[in-house]
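First comes the structure, then the notes that go with it.
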Amino acid sequence: NAGVTQTPKFQVLKTGQSMTLQCAQDMNHEYMSWYRQDPGMGLRLIHYSVGAGITDQGEVPNGYNVSRSTTEDFPLRLLSAAPSQTSVYFCASRATGGGYTFGSGTRLTVV
Amino acid sequence: KQEVTQIPAALSVPEGENLVLNCSFTDSAIYNLQWFRQDPGKGLTSLLLIQSSQREQTSGRLNASLDKSSGRSTLYIAASQPGDSATYLCAVRERDNYGQNFVFGPGTRLSVLP
């Protein structure tokens, strides 16, 4: 099925560990984004990409890195996990002029 | 800075009622507006996308309207069903260089009682 695939669905990390959240889409969308969703804070943009090789920071980029080597993949890297990064992470993609398609999310807990 | 609000924060209605969810935004310079539903513990499912040049979009029992000048959108759900219970979020896409930044509202949590 076409769409946005995120892995893993759940993850527990210890403070200071690093990890990569994977995101892949098979719709040939140019735009991809990472959001985090926290109670009372809503959805906030972390990083986004307007095409392969092009990325930019969103509202809350600190502690996260991204890269976009292909159109399909947009991984999010946590460099040194902190409890404040406990959240649900969503990847989304869209075509030019279109609306967003979201992945099912990764629920991350940092202890 | 664009701010998106949604009223009410929560709504509980009996099955069969027609209902309206409201979304307001502070900057009318938007590219489009999108309505989503989110079930507990799940991702966001797109319901309707309204371009800035459009006034409304319809899909089944759902109708979304857009009034850019007043900074408002409404989502109308006809003949509500228990399966409509979810959180409904609106998001506006701002007109910037890449048109990339979507700003989300906090959502309206809807419960439809059998």
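The values are calculated or read from the model by the stated rules, or taken from the named source; none is laboratory data. What you see is a predicted model, and the numbers here were worked out from it, not measured in a lab. Reconstructed Cβ throughout: ideal geometry from the backbone, glycine too, with neighbour counts over all protein chains shown. To get the accessible areas, we keep the full protein, side chains included, count just its heavy atoms, and leave off ligands, DNA and RNA. Shrake-Rupley method; radii C 1.70, N 1.55, O 1.52, S 1.80 Å.
Take every Cα-Cα pair in region A:20-70 and report what % of them are more than 15 Å apart.
47 percent
With a 1.4 Å probe, what is the total accessible area buried between chains B and A, in Å² rounded to the nearest 100? All intermediate terms of the calculation are to be shown ahead of the outcome.
Working: alone 6280 and 5760 Å², together 10480 Å².
Adding both sides of the contact gives about 1600 Å².
Of all the C-alpha pairs in region B:30-114, what % are more than 14 Å from each other? All intermediate terms of the calculation are to be shown ahead of the outcome.
Details: 2282 of 3570 pairs.
The calculated P(r) of region B:30-114 puts 64 percent of pairs beyond 14 Å.
Take the Cα atoms of region B:1-61, build their convex hull, and give its volume per residue in Å³.
129 Å³
Roll a 1.4 Å probe over the protein chains and send me the accessible area per residue for chain A in Å². The partial results should precede the final answer.
Numbers: 4990 Å² over 111 residues.
With the other protein chains kept in place, chain A gives 45 Å² per residue.
Within 10 Å of each Cβ of A:41-47, how many other protein chain Cβ atoms are there on average? Each step should come with its number before you reach the end.
Values: counts 1, 9, 11, 2, 5, 0, 0.
Average per residue, whole number: 4.
Mind checking B:27-40 for the average number of partner chain beta-carbons within 10 Å of each residue's beta-carbon? All intermediate terms of the calculation are to be shown ahead of the outcome.
Numbers: counts 0, 0, 0, 0, 1, 3, 1, 4, 1, 4, 0, 5, 0, 0.
So the per-residue partner count for this stretch is 1.
When the Kirkwood radius is taken over all Cα pairs of region A:55-101, what Stokes-Einstein diffusion coefficient follows at 37 °C and 0.692 mPa s, in µm²/s? It would help to have the intermediate numbers written out before the result.
On the way: Rh = 12.6 Å.
My calculation gives 261 µm²/s for D.
Taking a cut-off of 25 Å, what percent of all Cα-Cα pairs in the protein assembly as shown are separated by more than that? Before the final figure, lay out the partial values.
Working: 10123 of 25200 pairs.
Summing the P(r) tail past 25 Å for the protein assembly as shown gives 40 percent.
If you split all Cα-Cα distances of chain A into 5 Å bins from zero, what percentages do you get per bin, shortest first?
In order of increasing distance, the bins hold 2, 13, 25, 27, 19, 10, 4, 1, 0 percent.
Express the C-alpha Rg of region A:1-43 as a ratio against the empirical globular expectation 2.2 N^0.38 Å, rounded to two decimals. Mind dumping the intermediate values first?
Details: Rg = 13.3 Å, N = 43, 2.2 N^0.38 = 9.2 Å.
In units of the globular-protein estimate, region A:1-43 measures up at 1.45.
Net charge around residue A:5, counting only other residues with Cβ within less than 15 Å of its Cβ (Lys, Arg = +1; Asp, Glu = -1)?
On the way: positive: A:9, B:42; negative: A:26, A:72, A:73.
My count for the surroundings of residue A:5 gives -1.
Expressed as a whole number of Å, what is the distance separating the alpha-carbon centroids of region B:40-81 and region A:6-32?
If we compute the Cα centre of each part, the gap is 29 Å.
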